[in-house]
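The values are calculated or read from the model by the stated rules, or taken from the named source; none is laboratory data. A quick note: this is a predicted structure, and the numbers were derived from the prediction, not measured. Reconstructed Cβ throughout: ideal geometry from the backbone, glycine too, with neighbour counts over all protein chains shown. When the accessible area is computed, the model is the full protein with side chains, heavy atoms only, and any ligands, DNA or RNA have been set aside. Shrake-Rupley method; radii C 1.70, N 1.55, O 1.52, S 1.80 Å.
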Amino acid sequence: KHIILLRGNIKSNLHHKDSKAEKRKRNYARTKKVVGKVIDDKEFDIPQVDTPPTLESILNEPEDEDEPFILEDTCLLNTENIDAHSCETSSLASSDSGDLEMNATVHGSVLRRNVLKGISAQIVSAADKVDAGLPTAITVSNVIAVGTSHGLVLVFGKHNQALRLCLGTTATGAEYGAVSALSINHDCTRLLCGFAKGQITMWDLANGKLLRTITDAHPPGTAILHVKFTDHPALAVCNDSGGSVFELSFRRVMGMRTCESRCLFSGSKGEVCCVEPLHAGLELKDHPISQYSLLAMASLTKILLIGLKPSLKVWMTFPYGKTDPASVPLLAWQFVAVQKTINPVLAFCRGDTIHFLLVKKDESGTIHVIKQRQLQLNCDLISLSWINPRTLVLMDSTEKLRVVDRPSQEELETVDMAELQLVYNSSHFKSLATGGNVSQALALVGEKTCYQSVCSYAGQIMYLGTKSVHIMTLRNWRERVDHLLKQEKFMEALSLAWSFHEGTAKAVLGLFADPAKRKGVVADKMVEILLQYVDRSLKKCPEQGKIQVMEQHFQDIVPVMVDYCLLLQRTDLLFNQIYPRLVENSVARGVFLESLEPYILSERIGCLTAAVMRDLLSYFQENGMMDSVEGCLVHMDITNLDIQQVVQMCWDNQLYDAMIYVFNSGMNDYISPMEHVVMGNKMLVYISCCLAGRAYPLGDIPEDLVPQVKNQVFEFLIRLHSVEAAQEEEVYPYIRTLLHFDTREFLNVLALTFEDFKNDKQALEYQQRIVDILLKVMVDNSDFTPSQVGCLFTFLARQLAKPDNTLFVNRKLFDQVLEFLCSPDDDSRHTERQQVLLELLQVGGVVQFDEERLLDLAEKAEFYQICEFMYDRKHLYNKIVDCYLKDPLRKEELFNYIHNILSMPGYSSEEKQLVWVKALQHVKTVSSKGLNPQTVLRLGPDLHELLVDLQCQFSPQQVTAFLKTSQDYRLEEAIQITEKHKLHEATAYLLEKKGDVQGAFEVLLQSDEVQSLLRRVEEALHDIIALCQRSSHGLNQQQREVCVCVSKCSVSPDCFSLSSALKELTMKVLNSMSSFIAPPAIIQRILQDPVYGKGKLAEIQGLILGMLETFNYEQVVCVISVILNSYFMCSCGHLYHCQCLQRKEVGVLSERQYSWSCYKCTSNQGSRPADRSSEESSRSRSTSLAQVSRSHFTINMLSEATLDAQQTQAWDHFRTLYRGPSRLAVLTELTHSHGNERPGLSNPVHPGTGSIYHSENFQLKLSPPPLVEE
C-alpha cells in the first residue's frame, strides 16, 4: 500500500476525560513557585552647586508646599536592573495584586514579641509604692532606662531586668517636671535626661552620680522634646518645644564641669520637632562619613541634613510637599551595604511616604547625597525604625506594626499593638508643664508623637506602654517554619522553607551564608515536614462522604509533595517512603498516580520504580486515560512491560507516537513505522531522527544500531517502487512524495544527514545516489514549482561548497545556480543565499564563473561580502571600504578593517595610501552613522600593572582586593611593584599565588616593624600561623621547620623583658607548630639560634620545660586512656578490672552489651546478680564508665580501644575532683603498674616501694558518671 500522508493529526480527543486532564493541569500549576526579582534601588545624583547655602538662607526661604523638591532630571534614573513591570509603580498600596492566592509569597511570622515582665512589674510597683509616676520615656543600650512623670529615671539591667539605679527624687521631679527625653552615650557611661520644664541633667551610669544640671542651654519656658548624644563623646544636641535645636558641648576645666550651648536652628524660622544624629558604632567608627557628625532635623515642612564637624555646614534640604498637618515627621539612620560598600542611609517620612537618602564619599573626597526609591504605604505612620539593614518596622496611627523589606518594598507581617497602650508624648509637645506656650501646628503634630516610647538597639526594638515594656526581635528561620507547623499550615511552611533553601526569603536570621551548607540544613528540615504532611493528610482525610470530597482533599496535597520532592531531587523519598504510605488509601493512590503525568511529560521525573510504573499504566488503562498513556509511554523504559499487549493497546487507540516508540525501543524495528504508521510531517521528523542517530520522539538510538538504522532508512528512500505498487506508480515514490509534501524541509533533513558523512564510503554512495535521484525527479518536471526547484539548487550549492565535497554535478548547472542566487527580484533569505554563494566561491567555485559578470550580479543583489571577496582577490582594498559602508550588518567592523590594513604588514604603501584617502573622504559619513572607533582598543597586562602601581600610590588599602579579582597582570611585574611600595600583604599574596610559600612567610615577618605593639604582633602571628598550616601539607619536614624562625621575635631574651603577654603568644606559636613538626626539631632550632649564645638558658627554660611536660603528658594520656578502657567503675565508687568482673559473672547481657554491677555491694546484700537482672537493667544508665562488648576486653584489642562520651565525662570528673599528687604522677604510676603487672587494682604495689597509693594522704576521689537520658 502507498503511504498515506496526512497533514493533520488523526487522533481524536477523549472528551469524557477533558475535565480530569484540566484538573490535573490546574493542580500542577498550583505547585509552581513564582520567584520575583529583587529590584535594585533607583538612585539620583545630587547636583553640585558652586556656593553651598547657609543655614540662615535656608531658614528664610518661603515654605512653598505646592512645589515638590526635584533633585535631578529623571532621565538619570538608574533602570539597569529594573524590569518593565517594576517600573509601573513603586507603591505597595497600588501594586497589582493579581492572583494573590496563587502567587503570594509566604513569610510566616517574622517578629518575635516578648514582654519584659520583670521591668514591667517594677514600673507598676514603683508607681504604686514610691509614687514614681507613670512611664514617659525609654532608652536602651547595655542597660534599659525608663523615665517617669514624677522626674525619676529607673535604670535596669538588660539581661536580668534587675533594677540597678534610681536616679533623681520626687522632690526634683516636682521642680523639673516629668522626664521628657533620655539618651545614653555610645559607651554606656553617661545618661542625659531632659525634663518637661526645660532642665537637662547628666548622670554617671556607673555609680548613679549627678554630674551636670543644665538650665541655660535653651530659652526658658520650653520643654525638652529630644536630647541625644552624638558619636563625639563631648557633643550632644537637644530640641525644645519652641522648635529650636541646640548643640551642647561638654567640657571639664580645672575640675569644673561646664556645658556650652550653640543654637543650630531657631524655632522662629520654622519649628523642628525631631532630630536624629548619625551613630556609627564601634565597627564603623573609622567610616569616612563619621568624622562629620551628621545630624538630621525634621521640621514641619522640610528635612535638613547638616554636619557639625569640623565646622557647621548644611549638606541638603528636602521639602515634604503636601502632607497632612497632623502627620508626625520621622527620622531613622542605618548603615546599609549598597553596591558592595557600606554607607549611611537616612529614612524619613511624614504621613504615608518614606524617602531614603544615601550619603557617600567618593575617592576624590566629594560628598554625595543620593535619593533612592521611595516607599509608598496606605497608612499614616507614627514610628519608623530599622531592625536590620534590609528591614523596616513601622507603626501606623492605629498602633499596628508593619514589617517591610526595603529592597523589594514587600510588606512581610502586620502585628496589632493596641494592647500595649503605647505612651504618647503629647503633653511635652504642648508644653503643658510651662503653660502651653507652643504653636498650634506643633501642638497638632504632638497629638500622635511617641518619639520617646520607641527605641531600637542592636536588632531589637522596645516599645513603652503605660504598664509594660515590649521588645520585638526577628525570629530565626527555624522558628518561622515551626510557627507555621504548629498551626498545621504545611503548604505555607514548605513554601517558606523553600525560599530559605533558594536564598529568596526576606528578613532571614540564623542561616549559613555558604549556599551549600544553607541548602543542606534546610533540605533536612523540608524532608521532615513532608513526612509529617503525609501522615497528617491520611489522618485528616474524611472517612465517609462523596468521593469528590476525598479526591479534592488529596488533589490539594499530593502534587505539593511531588513538587517539593523533585525540587529537592529526592525521588527516593517520593517513591520509597511517601508512595507506600499513600497506597493504603485507594483514593490517595489514584490521585498520586494521576499527579505524576505532568512531571513525566516535562521530564522532571526521569525514571520510576518498577512497582510504580506498573501501577501507573494499569490505572490509566482502567480509567480510559489513553492520551495520558501515550504521553507517558514515550518518556519511560518499557522493557519490563508486555510488548505485545502494549502494541495492541496503542493500535486499538491510535497511539502512533507510542507505537513508534515501542517498535523502536522494544523490537529495534525502524522500517515498519514508515511503512504502516508514520504520516505527514511526523515522517520527516522521524526520518531526520533516524538518520541523525536520535530516537523518536526523544532520546538517542543505541550507538551499535546507528549505522544499521541509517542504511535501512536510505534503502527505504531509494526504493524504485513501493511494496504492492500499482502499474501507474512513478519511480522513486517515497522521495517524490516527500518532495511534494514539503521540499524545503525534506532537503533540510538530507542536509543535516549529509553533515555526518565523512569517511563512510557506503554513506557517500547513498549521498550521490540520492542527489542523482533528486535531479532526475525535479529537473524539467512540471510538477514542481520554480520555488521548489530553487530550493534544490540552494541545497546543491551548499553541498558543493563544502571543502570535503565528493558529489558530482553537471557543470552547466552552476550558471543556473548563480542566476538563482543573485536574483535581485527575490529578497527572501537574502543572507542565506549570500552565504551559500560565498561558501561556494571560497572553496574554489570562483573558477567556474566569469568574474566580471559575477561581480556585476553581486552588486545588483547587494551581496557586499561577495564584492569584498572579489575586490580582495584583485587587491582593491579601497573599494572594500565602500562595501563596509553600504553593508548595514558590518558597518561597525569598518574601523577594525582600516586599522588592520594600515598597521599590518603584507600591504604595499600605495595600497595603504588609497585606503587612507578613502577613509578620509568618508570621515563625516562614518561619524554620522554612529560607528564606535573604540572597538579596536584592547587592554593589555601593562595597563593592569600601571593600575596596580597607581593604586599602590593613592589607594594602597585596595591593592590586595584588586589583585584577588583581576587575572590580567603578570606575577613578576606585580611583585616588583608591590615590593617597591612596601605593601607586604599584597606581596605575600602574590608570592603565595606564585607558589613561593617561604618567600611569602618572610614578607609577612617583615610587616611587624614595631614589636612593642602587641596587637600588631598578634595579627602578624595569626597570618603567619595560618599560612604555615595551609601550606604544611605540601611541604616536607625540612621545609616545615622554617616555621620555627617565627619564634625568634617572640622568645628572644630581649622580648621577654617587655611583657608577659609575649610568652602567651610564643606558646600559641609553639602549640600550632606541634601538629606539624616534631618537638625535638623545634627545641633544636631554638637552641641553635645565635641570639641565645649571649643570654641565659634559664630565660627560656620555662618554655622548653612546658613543651616537654605537655609532650610527656599527652603521651601518658594516650597510654592511660587505653588502660582505663579496660576498667569499670560502679556508681558506689568501687573500681574493678573488667576481666575480674567477667570471672565473677556479675554482668547482665542485654542488647549485645554487658551491664555490670558492683561485686562487693551485691555480695553484701546476699543476692545473685542473675536474679537482679531487671533491677540492673533499669540502672544500666548510671552503673559504669563504659559498656563495651566482650571482645573489647582482650589485651590484643587494647591498641584499638577508644574512650566513648561517657568515659570522657567520667575522666573529666576524675581530674577535677582529685586533689592529691599531680596528674602526671598518678598517670605515670598507673603506667608503671601496667607495664610490670596485669592492669587492675587486684595487684597492689608492695609497701616500701614509694608508691603514691600507700601515702597516708592519698585519696582517690571519684564521682559516678551523670545520668544520661536515653
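Among the candidates K197, K228, which residue alone is outside any loop (DSSP other than H, G, I, E, B), closer than 20 Å to G446 by Cβ and not hydrophobic (A, V, I, L, M, F, W, C)?
Numbers: K197 fails: outside any loop (DSSP other than H, G, I, E, B).
Unique residue meeting the criteria: K228.
With A236, A217 as the choices, which residue is in contact (Cβ under 8 Å) with a residue 24 or more places away in the chain, closer than 17 Å to L182 by Cα and either touching a helix residue (DSSP H, G or I) at 6+ places or on another chain (Cβ under 6 Å) or not in a strand (DSSP E or B) (or both)?
A217
Open to solvent by 70 Å² or more (accessible area, probe 1.4 Å), under 22 Å from A692 (Cβ atoms), at pLDDT 80 or above and out of contact with any Phe, Trp or Tyr (no Cβ under 9 Å at 6 or more places or on another chain), is that true of E755? Break it down stepwise before answering.
Details: open to solvent by 70 Å² or more (accessible area, probe 1.4 Å): yes; under 22 Å from A692 (Cβ atoms): yes; at pLDDT 80 or above: no; out of contact with any Phe, Trp or Tyr (no Cβ under 9 Å at 6 or more places or on another chain): yes.
Judged against the criteria, E755 is not a match.
Every residue in segment 295-313 that is in contact with a helix residue (DSSP H, G or I) (Cβ under 8 Å, 6 or more places away or on another chain), within 22 Å of L442 (Cα to Cα) and open to solvent by 10 Å² or more (accessible area, probe 1.4 Å), please.
L300
I'm checking my understanding of the structure. Among residues of segment 240-265 that are of a type in the set (S, T, N, Q) and either over 15 Å from L304 (Cα atoms) or in contact (Cβ under 8 Å) with a residue 60 or more places away in the chain (or both), which one is surrounded by the most Cβ atoms within 10 Å (Cβ to Cβ)?
Looking only at segment 240-265, we keep the residues that are of a type in the set (S, T, N, Q), and these are 241, 244, 249, 258, 261.
Checking which are either over 15 Å from L304 (Cα atoms) or in contact (Cβ under 8 Å) with a residue 60 or more places away in the chain (or both) leaves us with 241, 249, 258, 261.
On the way: S241: 32, S249: 14, T258: 12, S261: 15.
Once the filter is applied, the top-ranked residue is S241.
Kindly indicate whether any position in segment 717-729 is within 60 Å of the chain's Cα centre (by Cα) and in a helix (DSSP H, G or I).
Step one: of segment 717-729, the residues within 60 Å of the chain's Cα centre (by Cα) are 717-718.
Checking the rest, the ones that are also in a helix (DSSP H, G or I) come to 717.
Yes.
Check C188, C166 and return the single one that is in contact with a Ser or Thr (Cβ under 7 Å, 6 or more places away or on another chain) and of a type outside the set (V, I, T). Don't jump to the end; show me each part of the working.
Numbers: C166 fails: in contact with a Ser or Thr (Cβ under 7 Å, 6 or more places away or on another chain).
C188 is the lone residue from the list that is in contact with a Ser or Thr (Cβ under 7 Å, 6 or more places away or on another chain) and of a type outside the set (V, I, T).
Please go through segment 595-611 and give me each residue that is among the hydrophobic types (A, V, I, L, M, F, W, C), outside any helix (DSSP H, G or I) and either touching a residue at least 60 places away in the same chain (Cβ under 8 Å) or over 18 Å from L582 (Cα atoms) (or both), ordered by number. First the steps, then the outcome.
First pass over segment 595-611, keeping only residues among the hydrophobic types (A, V, I, L, M, F, W, C): 596, 600-601, 605, 607-608, 610-611.
From what's left, outside any helix (DSSP H, G or I): 605, 607-608.
The answer is I605, C607.
So E630 passes all but one of these: (1) open to solvent by less than 50 Å² (accessible area, probe 1.4 Å); (2) touching a helix residue (DSSP H, G or I) at 6+ places or on another chain (Cβ under 8 Å); (3) free of Cβ contacts under 8 Å to residues at least 24 places away in the same chain; (4) not β-branched (V, I, T). Which condition number does it fail?
Going through (1) open to solvent by less than 50 Å² (accessible area, probe 1.4 Å); (2) touching a helix residue (DSSP H, G or I) at 6+ places or on another chain (Cβ under 8 Å); (3) free of Cβ contacts under 8 Å to residues at least 24 places away in the same chain; (4) not β-branched (V, I, T) one by one, E630 breaks only (3).
So, in segment 1003-1025, of the ones that are closer than 13 Å to A988 by Cβ and buried (at least 16 other Cβ atoms within 10 Å of the Cβ), which residue ends up modelled with the highest pLDDT?
Across segment 1003-1025, the extreme among qualifying residues is V1003.
May I ask you to list the residues in segment 864-888 that are touching a residue at least 40 places away in the same chain (Cβ under 8 Å) and either among the β-branched types (V, I, T) or open to solvent by 30 Å² or more (accessible area, probe 1.4 Å) (or both)?
N878, V881
With (1) touching a Lys or Arg at 6+ places or on another chain (Cβ under 8 Å); (2) without any contact (Cβ under 8 Å) to a residue 40 or more places away in the chain as the list, and P407 as the residue in question, which single condition is left unmet?
Going through the list (1) touching a Lys or Arg at 6+ places or on another chain (Cβ under 8 Å); (2) without any contact (Cβ under 8 Å) to a residue 40 or more places away in the chain, P407 breaks only (2).
Kindly list the number of the only condition in (1) free of Cβ contacts under 8 Å to residues at least 60 places away in the same chain; (2) open to solvent by 30 Å² or more (accessible area, probe 1.4 Å) that fails for I773.
Going through (1) free of Cβ contacts under 8 Å to residues at least 60 places away in the same chain; (2) open to solvent by 30 Å² or more (accessible area, probe 1.4 Å) one by one, I773 breaks only (2).
Of the residues in segment 156-213, how many are of a type in the set (D, E), open to solvent by 70 Å² or more (accessible area, probe 1.4 Å), over 41 Å from the mean Cα position of the chain (by Cα) and closer than 23 Å to P233 by Cα? Even if it seems obvious, please write down each step before you answer.
Of the residues in segment 156-213, the ones of a type in the set (D, E) are 175, 187, 204.
Filter again for open to solvent by 70 Å² or more (accessible area, probe 1.4 Å), leaving 175, 187.
With the extra rule that they be over 41 Å from the mean Cα position of the chain (by Cα), the set shrinks to 175.
Add one more test, that the residue is closer than 23 Å to P233 by Cα, and what stays is none.
The total comes to 0.
What about H981, is it within 28 Å of H1022 (Cα to Cα) and either modelled with pLDDT of 80 or more or among the β-branched types (V, I, T) (or both)? Reasoning before the result, please.
Numbers: within 28 Å of H1022 (Cα to Cα): yes; either modelled with pLDDT of 80 or more or among the β-branched types (V, I, T) (or both): yes.
So H981 passes the test.
For (1) assigned to a helix (DSSP H, G or I); (2) open to solvent by 40 Å² or more (accessible area, probe 1.4 Å); (3) closer than 26 Å to N711 by Cβ; (4) touching a Ser or Thr at 6+ places or on another chain (Cβ under 9 Å), each residue gets a yes or a no:
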residue: Q621; (1), (2), (3), (4): yes, yes, no, no
residue: T639; (1), (2), (3), (4): no, yes, yes, yes
residue: Q644; (1), (2), (3), (4): yes, yes, no, no
residue: Q654; (1), (2), (3), (4): no, yes, no, yes
residue: S665; (1), (2), (3), (4): yes, yes, yes, yes
residue: E675; (1), (2), (3), (4): yes, yes, yes, yes
residue: L691; (1), (2), (3), (4): yes, no, yes, yes
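All but one of (1) at pLDDT 75 or above; (2) in a loop (DSSP other than H, G, I, E, B); (3) open to solvent by less than 30 Å² (accessible area, probe 1.4 Å) hold for D804; which doesn't?
(3)
Output yes when any residue across segment 391-404 is open to solvent by 50 Å² or more (accessible area, probe 1.4 Å) and touching a residue at least 60 places away in the same chain (Cβ under 8 Å), and no when none is. Walk me through how you get there before you give the answer.
First, the residues of segment 391-404 that are open to solvent by 50 Å² or more (accessible area, probe 1.4 Å): 397-398, 400.
Restricting the remaining residues to those that are touching a residue at least 60 places away in the same chain (Cβ under 8 Å) gives none.
No, because not a single residue in segment 391-404 is open to solvent by 50 Å² or more (accessible area, probe 1.4 Å) and touching a residue at least 60 places away in the same chain (Cβ under 8 Å).
Kindly indicate whether I382 is more than 25 Å from the chain's Cα centre (by Cα) and under 30 Å from L950 (Cβ atoms).
Working: more than 25 Å from the chain's Cα centre (by Cα): yes; under 30 Å from L950 (Cβ atoms): no.
It is false that I382 is more than 25 Å from the chain's Cα centre (by Cα) and under 30 Å from L950 (Cβ atoms).
Quick one: which of V481, V521 is more than 30 Å from R350 (Cβ to Cβ) and either modelled with pLDDT under 90 or in contact with a helix residue (DSSP H, G or I) (Cβ under 6 Å, 6 or more places away or on another chain) (or both)?
Values: V521 fails: either modelled with pLDDT under 90 or in contact with a helix residue (DSSP H, G or I) (Cβ under 6 Å, 6 or more places away or on another chain) (or both).
The unique qualifying residue is V481.
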